[in-house]
Each structure stands twice: as C-alpha cells, then as structure tokens.
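Step one of this worksheet: look at the structure below.
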Amino acid sequence: MLRTAPVVLGILMAGPVVLGLLLVILPAFGYLPAVGRDEFSTLPWRELFSAPGIQQSALLSLVSGLVTPIIALTIVMLFLAGISGSKLDRLIRRLVSPLLAIPHAAAAFGLAFLIAPSGFLARLVSPALSGWQRPPDLFIINDPLGLTMMAGLVTKEIPFLLLMALAALPQLDPGRRVMMARSLGYRPVLAWLFTVAPALYPMIRLPLFAVIAFASSVVDVAIILGPGLPATLSVRILGWFSDPDLSLRLMASAGAILQVIISLTAVACWLVLEKMVGRIWRYWTARGQRRQFNGALLISGRVGITVAVMLLSASVVVLTINAFAGPWRFPASLPASWTWQHWVSTTSTLATPVANTLLISLTSTAIALVLVLATLENEQRHGSSRFTALWLLYMPMLVPQVAFIFGLVVFTETMTWQPGIWLVILGHCVFVIPYVFLTLSETYRRLDPRWVHMARSLGASPNRVFWRIRLPILLGTALTASAIGMAVSVGQFLPTQLLGAGRVPTVTTEAVALASGGSRNVIAVWALLQSLIPAAGFILALAIPRLLWRKRRAMQESA
Amino acid sequence: MPVICILTYLTRVASAARQHLAVLAGAVLTLAVAAPALAASAPKDWSQVLQQAQGQTVYFNAWGGEARTNAYINWAAEQLAREYGVTLQHVKLSDTSEAVSRVLAERQAGNADNGAIDLIWLNGENFAGMQSNDLLFGPWAEYLPNFQWVDADNNPDMRQDFTVAVNGYESPWLRAHLVFFYDTMLIEQPPGTIPELLTWARKYPGEFTYPRPPDFLGTTFLKQSLMELTVYSSALYSPVGDSHFDTVTEPLWRYLDQLHPLLLRRGRTFPASGAGMRRLMSDGETALAFSFSPSEAPIAVTNGELPETVRSYTLHGGTLANVSFLAIPFNAANKAGAMVVANFLLSPEAQHRAQDPDFLGGTSVLAVNSLSSEWQQRMRQTRRHPAAPSPDDLDRRLAEPHPSWIPALEQAWLKRYSQP
C-alpha cells in the first residue's frame with residue numbers, strides 16, 4: 001500500500017506536468033496544428049528575441065526573483081534571532097497567518113491604494129499638511145525598476161517564510177542552543193544566528209525556492225505594482241497568450257520556456273550565493289567575536305518586520321474601508337458615506353461559489369496531504385531513496401500557468417474527460433501537492449529518529465509509531481502545510497476556469513471576473529471574501545494543536 | 001542540485017512510466033485536428049431549431065466584469081427558461097481569451113462535436129482570429145427570425161466586423177462607441193478633436209493618460225488618433241500590408257512624441273487597462289478619460305465611483321464605433337440552444353431593456369424604423385442618464401480599421417515607447 005504512494009504521487013504529477021510541458025515546448029518550436037502550424041522552426045524564438053524591451057523584461061524578472069527572497073529571508077532571520085516574547089513579537093506571530101491568507105493580488109491592490117499619490121496615506125495628510133487639493137503627479141507605483149513591485153512581494157513573502165520557520169523551529173530546540181552559546185558569552189542575536197540559523201536554513205530551503213520561483217514569475221502583483229514599459233516577462237507572456245492573434249501563441253510558448261530558464265537561473269544564482277554566504281558565516285563564526293553588531297542586527301530585524309507587517313495590515317484596512325465606502329474623493333481622509341451596497345450586490349450569488357470553493361480546496365488538500373504523508377512515511381520506513389522528483393513538483397510553479405494549463409486542457413480533452421468539479425479538483429492537486437510537499441518534507445525527514453527508535457524498541461508497530469508518535473509531533477506542521485495547500489487551491493483562477501470550462505464558479509473565478517471591471521469597491525469586497533476561507537484554515541491550523549495538546553506543555557510549543 | 005535531481009528523475013520517470021506517457025504523447029502529437037463542423041444543417045427551419053433547443057443548457061461565455069451586465073444576462077436566462085425551455089448559464093470571463101484558449105485546446109485534442117462552450121461574446125480581432133482558424137460554426141446568424149430588425153441592408157456594420165465579412169458566423173448584439181468623459185468641476189472645455197487634445201493638454205498638463213497598448217482600449221486611442229491625423233485614412237480599411245506603414249503612421253508618432261510629456265506622470269507610465277484609467281479619474285488624478293461603452297460613465301456615477309459632475313461626449317469628427325457579436329464555436333454541444341439565445345437577445349424586448357439606463361444603458365443594434373410602431377415608440381422613449389452621451393453624439397460613427405492594423409500599431413508603439 002505504502003509503497004505505491006510515491007508512484008501514485010509521481011504519476012499524478014507527471015501526467016499533467018509532462019503533457020503540460022509538451023504543449024509548451026512544441027508550439028515554442030513552431031508546432032501547433034490547432035492554428036494551422038505544423039512545421040518545426042525557430043521562428044517563435046526569433047520573434048521573441050526581437051520583441052521590444054524583451055531583455056529588460058527578462059532582467060526584471062530575474063532581479064525580482066533574487067532580491068525578493070534575499071530581503072524577505074534576511075528580515076525573517078533577523079527577527080527570529082531577536083525574538084524575545086515581547087508584546088510586539090507576539091502580535092507579529094499572531095498576525096502572520098491571517099496576513100498569509102490575503103491573496104497576493106488583493107494585498108498588492110491594497111498596497112497600491114495605500115501608497116499611490118492619490119492613495120490613503122496622501123489623503124490622510126491632505127490638504128491640511130501637504131497642501132494638496134489634487135493628487136501630486138508623483139511616480140511611485142509601476143516604477144521602471146520594479147522597486148514597488150519587489151517591496152510588495154517582500155511584504156507578502158515575509159509571513160510565508162516566517163510561518164515556515166516557526167513551524168520548523170520547535171524541532172531544533174532553539175532555546176537550548178541559544179542558552180549554550182550565551183553561556184559562552186555570545187550576545188543573544190549572535191547566539192541565535194550562529195547556533196540556530198544554520199540548522200534552520202536547510203529546513204526552509206525548499207519553501208524558499210518556491211519564493212524564488214514565485215517572485216520571478218508572478219503575474220498579478222506585477223500587473224498591479226510592477227513596471228509597464230516594459231512589463232515583466234511573465235506579464236508579457238500572459239498578454240501574448242491572451243492576444244486575439246492566435247499565432248502569437250507560438251512566440252508566447254517560447255516566452256514561457258524563457259520564463260522557466262529565468263526562474264532556474266535565479267535558483268542557480270541563489271545556490272552560488274548560498275555557498276558564498278555559508279563561507280562568510282563560517283569565517284564569521286570562527287572569528288569568535290561575541291558582541292559586535294548585536295544591537296544593529298536586532299534593530300534592523302525588528303524594523304524590517306514591523307514595516308512589512310504594518311504595510312500589509314494597512315493594506316487590509318484600506319481594502320476594508322473600500323468595501324464599505326460610498327463616494328470617496330481626494331483629498332477626503334475617509335469616504336463621504338458608508339454603504340452595504342457593494343456587499344448586497346455580490347452576496348446574493350455567493351452560495352454556489354463558496355460551496356464549490358470549500359469542496360475543491362478541502363478535497364484537493366486532503367488528497368495532497370495523504371499522498372505526501374504516505375510518500376514521506378514510505379521513505380522513512382523502507383529507507384528507500386528520497387522522493388527526488390523535485391523537478392516535477394517545481395514545474396507547475398515554474399511554467400507560466402497560462403501555458404501550462406493549455407496543455408492540461410488538451411490532455412483532459414484527449415482523454416474525453418468531461419469538464420467539471422472533479423477535473424478541477426484534480427487540476428488543483430497539481431498545484432497544491434507541491435506546496436504541501438515543500439512545507440512538510442524537510443521537517444518530516446529531520447524529525448529526531450530517536451523518537452521512532454524508542455517506540456520501536458518498546459514493541460510498537462510501524463503503523464502505531466506513525467499514528468502515535470510521528471503524526472502527533474508533526475501535527476502542527478502538517479496542519480500548517482494543509483492550510484497553505486488550501487490557500488493555494490482557493491487562489492487558483494486559470495485551472496478552475498479552463499479545466500471546469502467556466503462551469504464551476506468559485507469565489508476566485510467570480511472575484512477575478514468582477515475585478516476585470518475595475519471598481520475598487522467590488523474588488524475590495526471579493527478580496528476580503530477570498531481571504532476568509534484560507535484565514536479560517538490558518539486559524540484552525542493553529543487552534544487544533546493548542547486544543548488537542550492543552551494538557552501537554554512541551555507539545556504546545558510545537559504548535 | 002535541483003538540476004541534477006531533474007536529470008536523474010527525468011530518466012527514472014521515463015523508464016517507470018514510459019509506456020503510459022508514450023501513448024499520451026503520441027495521442028497528442030498525432031491527433032487529427034478536428035475539422036470545422038459544417039455538417040450541422042443550416043438552421044433554415046426555425047421551428048426545428050426551437051424543438052432541438054428544448055431542454056438544452058447553453059454555456060454563454062461572456063465578460064463578467066460588470067454587475068449590471070451580469071444581471072442583464074440573468075434576466076435573459078429567466079425569460080429563456082420560461083419561454084423556450086432553454087437553460088442559459090453565464091460563464092463569467094475576465095478576458096475573452098479564456099474562452100478562445102478552451103476552444104483551441106478542444107480543437108487540438110480532436111473534440112469535434114462536444115465542446116464546452118456554446119456561445120461567445122466577441123468582436124473584431126477575436127472574431128477575425130477565430131474565424132481565420134476555422135474555430136467558429138456557421139453560417140447561422142442571418143437565419144435568426146429577429147435578424148430582420150437590424151436592417152442589415154442599410155446598416156453594413158451588421159455584416160462587417162472590423163472590415164472582415166461576417167458571413168453569418170456571428171449575430172449582432174450591442175453597439176459600442178468610443179466615448180470620452182470628463183469632470184466638469186475640473187475642466188471647462190474638453191478637447192473636441194485629437195489635434196485639440198494636444199493644445200488642451202498643454203493647458204491642463206497631467207490631466208489625461210491612456211491605457212498602454214496592447215490593451216485594446218489603448219490601441220483604440222491610437223487608431224482614433226491615426227484616423228484624425230493621417231491624410232491616408234482610407235488606407236486603414238485595407239490590410240496593413242497594402243500600404244506603406246511608416247508613411248501612414250508618421251503623423252501619429254510625431255503627435256504622440258509631443259503629447260506624452262503632457263500626460264499623467266509625463267507619459268513615463270500608463271495604466272494597464274481601461275479600468276485602471278477610470279480608477280485614476282475616480283481618484284482625482286486625471287480629469288478626462290474614455291471608454292468603449294457609452295454606459296460606463298453613467299454606471300460609475302450611479303455607483304458613486306465618479307463624481308456627479310462627469311459628462312460624456314464624442315469627438316466632433318466622429319469616433320470609432322463597432323458592433324459586438326455573439327458567435328458559436330465549431331464544436332459547441334448545444335448549437336440550437338445557442339441560436340435561440342442569440343435570437344432572443346436580438347428581440348425588441350431584450351434590446352429595449354439593454355438600452356434602458358436602469359438595466360444596461362447600452363446602444364441597441366436594431367434599426368428602429370424597421371420595428372412595429374409600438375416598439376418604435378418604446379425604443380424612442382428610452383430615458384437618458386445625465387452622464388450619458390447624447391444620441392447625436394452616438395450618431396457620429398467612424399468604422400473600425402482592418403484588424404491587421406492593430407498588431408502593427410501595437411508593435412510600433414511598444415518599440416518606440418517601451419524602452420526607457
């Protein structure tokens with residue numbers, strides 16, 4: 001039974017991934033019979049490289065894919081190093097999950113309204129302090145270097161990395177490590193950075209690669225906050241795929257492959273960087289200095305995370321204001337009136353989308369969790385080689401969705417599977433499984449083997465060990481992974497729309513369709529609705545272990 | 001490391017599942033592409049169509065970005081269920097390309113008669129693209145009983161979509177016009193022509209911008225400008241290859257070079273879409289904007305998104321206007337039902353409601369003179385929202401250029417303005 005798990009997982013991923021890729025690679029070399037092209041050529045590539053501003057688009061994507069994880073990881077590590085159980089620390093830890101539940105596009109949209117020249121902050125100080133009766137003509141959003149976009153991505157990735165780190169930390173017993181280092185005279189932040197960080201890093205490395213892949217290929221955030229002339233590669237690919245001129249799909253497919261190459265390049269750069277930082281770390285550690293920079297590191301971590309969390313929270317606040325706002329003209333600090341109108345017009349059609357969203361996200365997450373747990377358990381039990389199909393898992397994240405999904409639809413149509421909710425669930429699995437696997441695998445593999453040995457030596461069967469030892473200890477991580485899986489599923493638009501032939505309305509398909517109309521109030525309402533289901537998931541993921549282990553103090557820490 | 005993993009696993013998966021994958025890959029590669037379904041008989045006998053349509057569920061893929069349009073389609077669904085026993089399901093799209101992708105994938109997979117999409121709302125480039133790739137079913141549109149009311153013989157735009165002959169492959173639904181709107185609180189006199197826009201922008205720098213091509217509304221602005229600026233405007237009605245592009249478009253680029261520094265953010269960035277342009281106006285960043293829907297400003301005013309001082313108008317020399325159509329994919333599973341829906345949406349009842357500012361506030365495609373005297377009266381009595389353009393405004397129509405100009409203009413624009 002268990003032995004089949006990795007095979008099932010492999011096939012479930014491999015079928016769609018290989019077919020999805022095939023339908024990207026073939027058109028990239030000129031083969032797409034559906035539009036009457038059946039001769040292989042390099043023309044799509046030549047067209048791609050002669051597209052105006054293509055180098056800059058590609059460079060933007062690469063830089064974003066590196067700068068975002070570097071800043072986000074630095075801030076998260078420094079914050080964790082300085083964590084002291086203060087009120088602020090606890091507040092931030094508590095805000096992590098709800099903030100993670102806000103869809104990227106919604107957070108970006110809120111942020112744009114927060115910092116735009118006509119945005120909330122400008123309205124707060126106008127006209128009294130700034131003297132602005134009309135919005136100043138300042139170039140903040142969509143700046144050509146993509147700085148606003150990267151700032152938006154950093155603020156959104158920080159909660160993700162923080163949650164990953166918090167889920168992994170209890171296993172490392174950071175308290176005792178730090179205590180040991182402190183007894184040798186190291187200041188607290190340095191003690192953490194020297195003893196805990198090197199052990200923590202490998203455990204959040206896979207989620208970090210997901211951040212790199214995401215930041216180098218993100219579409220929605222880049223459209224809202226990113227540069228327009230030229231836009232990032234991912235945005236331009238989407239444009240070519242959406243073009244009424246169907247022959248552009250060939251060049252678009254070549255672009256999709258370039259996108260994969262860019263993301264892989266970002267990962268490769270990261271690996272080089274990793275080696276360099278590792279060396280510096282060892283050198284720094286070996287020097288034995290115990291107090292230098294302690295204060296500066298502490299403060300930069302705190303400031304970084306506070307700014308990020310405040311920006312995100314403020315984005316949610318302005319979204320909420322917009323969801324209830326009547327007319328709201330610049331420079332008024334608040335809307336002239338408040339209204340339920342935006343909610344009334346949407347909630348009448350809410351029942352089916354919400355039911356579908358719940359069914360799809362719960363089912364796909366359950367499938368993903370069972371398969372991933374079984375695969376990891378099989379590894380442990382049979383000592384068989386690790387599930388190394390990482391490329392299978394990363395591919396759905398790396399290949400631009402619009403290209404990838406086209407292949408999936410051709411695949412399901414070839415199999416003459418009727419579009420509908422089951423197909424959508426299967427499609428979601430392709431995107432949910434990778435995240436569940438990445439968030440769970442390292443913690444699972446690095447669980448102290450002595451627990452298992454001890455239980456086995458007391459005569460427990462492998463199954464009993466799994467249910468009584470491994471799963472309870474890893475419950476927090478497994479639930480976090482499920483919550484992330486659910487959030488990923490809830491956020492899927494194209495797989496739902498195309499695999500379901502639009503017949504399976506979810507909260508997200510409704511939200512995206514209505515968002516295309518551009519009314520900020522309507523977008524705000526749906527963004528909040530879209531956040532509710534994942535937020536409930538994250539809250540449950542935190543609450544369940546607390547509830548179950550309320551009488552076991554050491555277990556509570558792992559939650 | 002991951003690269004190595006990729007390679008090792010590639011070989012492993014290949015060996016483990018080689019047969020399975022080979023079959024699938026082979027299936028995809030060698031599939032005979034489905035031929036367009038010409039077999040379905042032309043719907044000359046309408047009663048037979050009605051009979052076939054009974055009990056069918058029609059999946060109508062239409063942009064769902066606006067609550068009123070969605071409500072209107074809902075209303076149509078209620079009527080259709082009651083009168084014809086047809087279930088109309090609105091598949092809400094954020095972009096027509098989602099439907100096109102689906103049809104294309106079905107074609108690629110050889111699905112010739114069980115397609116998931118029955119009716120698409122489209123026009124112009126999307127029609128030309130689907131039609132030239134044989135992705136549409138037809139001809140059917142002129143057999144609809146209600147087609148007579150559009151008086152196509154006197155309204156050639158009912159048979160031509162961006163100069164491309166429709167040939168009965170799509171049925172007209174609504175008219176669209178390029179309409180400008182401005183805030184009377186901020187500016188006294190809006191520009192009446194494209195050349196005037198430049199002098200106007202000198203007086204009001206930073207009060208205007210346009211969506212960046214290849215957004216279709218941004219490209220529409222380029223087309224409108226080109227038509228007013230070039231002396232070769234007749235060349236725009238033939239394929240772009242037939243004329244000397246640089247000569248025809250030279251005045252446009254000279255104009256834009258002057259205009260851009262006077263736009264919002266000095267033309268260094270442009271909104272991504274028409275919706276983004278409207279949001280800038282709603283935030284008070286700009287005072288002038290435009291849309292392809294005459295009802296956009298009235299709806300935004302009603303919702304409180306735009307101030308009540310906003311008014312719409314069209315440029316004095318006329319603005320681009322087109323008709324949006326409904327088309328049936330070549331492999332639609334419920335073609336009869338789709339025709340019944342298209343026919344209903346063309347009925348005086350549906351068109352009258354579409355024109356009513358309380359419901360859709362659009363412009364009907366019907367030729368009012370061809371209707372019965374009762375409907376003539378009712379259509380003529382439709383109220384007008386104060387922020388809507390006047391009927392005279394909407395009568396000044398310029399036909400759309402040949403669709404091949406669109407990518408050419410977009411490419412040229414991107415080449416000139418997308419390098420910082």
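The values are calculated or read from the model by the stated rules, or taken from the named source; none is laboratory data. Just so you know, these numbers come straight off a predicted model, no measurement behind them. Cβ: placed from backbone, ideal geometry, glycine included. Neighbour counts: every protein chain shown.
Could you check, for the range A:187-204, whether at least one of its residues is more than 14 Å from chain B (Cβ to nearest Cβ) and closer than 22 Å to residue A:396 by Cβ?
The answer is yes; a qualifying residue exists.
With B:326, B:371, B:409 as the choices, which residue is more than 14 Å from chain A (Cβ to nearest Cβ), at pLDDT 95 or above and closer than 23 Å to residue B:160 by Cβ?
Step by step, each of B:326, B:371, B:409 is checked, and only B:326 is more than 14 Å from chain A (Cβ to nearest Cβ), at pLDDT 95 or above and closer than 23 Å to residue B:160 by Cβ.
Among the numbered criteria (1) crowded, with 20+ Cβ neighbours inside 10 Å; (2) modelled with pLDDT of 90 or more, which single criterion is violated by residue A:45?
All conditions pass for residue A:45, except number (1).
Can you run down the residue pairs with Cβ atoms below 6 Å, 6 or more apart or on separate chains, where the first is in the range B:291-303 and within 11 Å of chain A (Cβ to nearest Cβ) and the partner is charged (D, E, K, R) and assigned to a loop (DSSP other than H, G, I, E, B)?
Every condition considered, the pairs that remain are B:301/B:308.
So if I check each of B:50, B:31, B:38, which one is over 30 Å from residue A:272 (Cα atoms), at pLDDT below 50 and more than 12 Å from chain A (Cβ to nearest Cβ)?
B:38 is the lone residue from the list that is over 30 Å from residue A:272 (Cα atoms), at pLDDT below 50 and more than 12 Å from chain A (Cβ to nearest Cβ).
Against the definition (within 30 Å of residue A:175 (Cα to Cα) and either in contact (Cβ under 8 Å) with a residue 24 or more places away in the chain or assigned to a helix (DSSP H, G or I) (or both)), how does residue A:64 come out, yes or no?
No: the conditions fail for residue A:64.
Residue by residue through the range B:384-417, note down the ones that are in a helix (DSSP H, G or I) and either closer than 26 Å to residue B:358 by Cβ or of a type in the set (Gly, Ala, Ser) (or both).
The answer is B:391, B:392, B:393, B:394, B:395, B:408, B:412.
Is it true that some residue in the range A:3-11 is closer than 23 Å to residue A:401 by Cα and either in contact with a strand residue (DSSP E or B) (Cβ under 7 Å, 6 or more places away or on another chain) or of a type outside the set (Val, Ile, Thr) (or both)?
Yes: one or more hits.
Go through the range A:135-147 and report how many residues are surrounded by fewer than 22 Cβ atoms within 10 Å (Cβ to Cβ) and touching a helix residue (DSSP H, G or I) at 6+ places or on another chain (Cβ under 7 Å).
Of the residues in that region, 3 qualify.
Evaluate the following for residue A:33: is it within 13 Å of chain B (Cβ to nearest Cβ) and either in contact with a helix residue (DSSP H, G or I) (Cβ under 9 Å, 6 or more places away or on another chain) or modelled with pLDDT under 95 (or both)?
Spelling it out, residue A:33 is indeed within 13 Å of chain B (Cβ to nearest Cβ) and either in contact with a helix residue (DSSP H, G or I) (Cβ under 9 Å, 6 or more places away or on another chain) or modelled with pLDDT under 95 (or both).
Kindly evaluate residue B:255 against the criterion of being away from chain A (no Cβ under 14 Å), aromatic (Phe, Trp, Tyr), surrounded by fewer than 18 Cβ atoms within 10 Å (Cβ to Cβ) and farther than 25 Å from residue A:520 by Cβ.
No: the conditions fail for residue B:255.
In the range B:367-377, is there at least one residue being crowded, with 24+ Cβ neighbours inside 10 Å and farther than 20 Å from residue B:275 by Cα?
Scanning the range B:367-377, I find no residue that is crowded, with 24+ Cβ neighbours inside 10 Å and farther than 20 Å from residue B:275 by Cα, so the answer is no.
Does the range B:342-357 include one or more residues that are among the polar types (S, T, N, Q), away from every other protein chain (no Cβ under 14 Å), surrounded by fewer than 23 Cβ atoms within 10 Å (Cβ to Cβ) and under 28 Å from residue B:237 (Cα atoms)?
No, the range B:342-357 contains no residue that is among the polar types (S, T, N, Q), away from every other protein chain (no Cβ under 14 Å), surrounded by fewer than 23 Cβ atoms within 10 Å (Cβ to Cβ) and under 28 Å from residue B:237 (Cα atoms).
Can you go through A:72, A:105 and tell me which one is at pLDDT 90 or above and surrounded by 23 or more Cβ atoms within 10 Å (Cβ to Cβ)?
A:72
Conditions first: (1) of a type in the set (A, V, I, L, M); (2) in a helix (DSSP H, G or I); (3) without any contact (Cβ under 8 Å) to a residue 24 or more places away in the chain; (4) within 12 Å of chain B (Cβ to nearest Cβ). Residue A:121 passes all but one, so which condition is the exception?
That leaves (4) as the condition not met.
Evaluate the following for residue A:286: is it over 22 Å from residue A:99 (Cα atoms), out of contact with any His (no Cβ under 7 Å at 6 or more places or on another chain) and loosely packed, with under 12 Cβ neighbours inside 10 Å?
yes
Against the definition (away from chain A (no Cβ under 13 Å), buried (at least 22 other Cβ atoms within 10 Å of the Cβ) and of a type in the set (Phe, Trp, Tyr)), how does residue B:270 come out, yes or no?
no
Spot the failing condition for residue B:121; the list is (1) closer than 30 Å to residue B:387 by Cβ; (2) surrounded by fewer than 22 Cβ atoms within 10 Å (Cβ to Cβ); (3) not basic (Lys, Arg), and only one is missed.
Of the numbered conditions (1) closer than 30 Å to residue B:387 by Cβ; (2) surrounded by fewer than 22 Cβ atoms within 10 Å (Cβ to Cβ); (3) not basic (Lys, Arg), the odd one out for residue B:121 is (2).
Is the range B:203-212 home to any residue that is among the basic types (Lys, Arg), part of a helix (DSSP H, G or I), out of contact with any strand residue (DSSP E or B) (no Cβ under 6 Å at 6 or more places or on another chain) and more than 14 Å from every other protein chain (Cβ to nearest Cβ)?
Yes, the conditions are met somewhere in the range B:203-212.
If we keep just the residues of the range A:194-248 that are modelled with pLDDT under 90 and of a type in the set (D, E, K, R), which is surrounded by the fewest Cβ atoms within 10 Å (Cβ to Cβ)?
A:245
Which fully enclosed helices (runs of 4 or more DSSP H) of the range B:67-170 have 2 or more residues being in contact (Cβ under 8 Å) with a residue 40 or more places away in the chain, within 14 Å of another protein chain (Cβ to nearest Cβ) and charged (D, E, K, R)?
B:96-108
Which pairs turn up if I take residues in the range A:336-363 that are at pLDDT below 95 and look for partners that are part of a helix (DSSP H, G or I) and of a type in the set (Asp, Glu) with beta carbon separation below 6 Å, at least 6 apart in sequence or on another chain?
Pairs found: A:353/A:510.
Of all residues in the range B:312-323, how many are surrounded by fewer than 23 Cβ atoms within 10 Å (Cβ to Cβ) and under 23 Å from the mean Cα position of the chain (by Cα)?
Result for the range B:312-323: 6.
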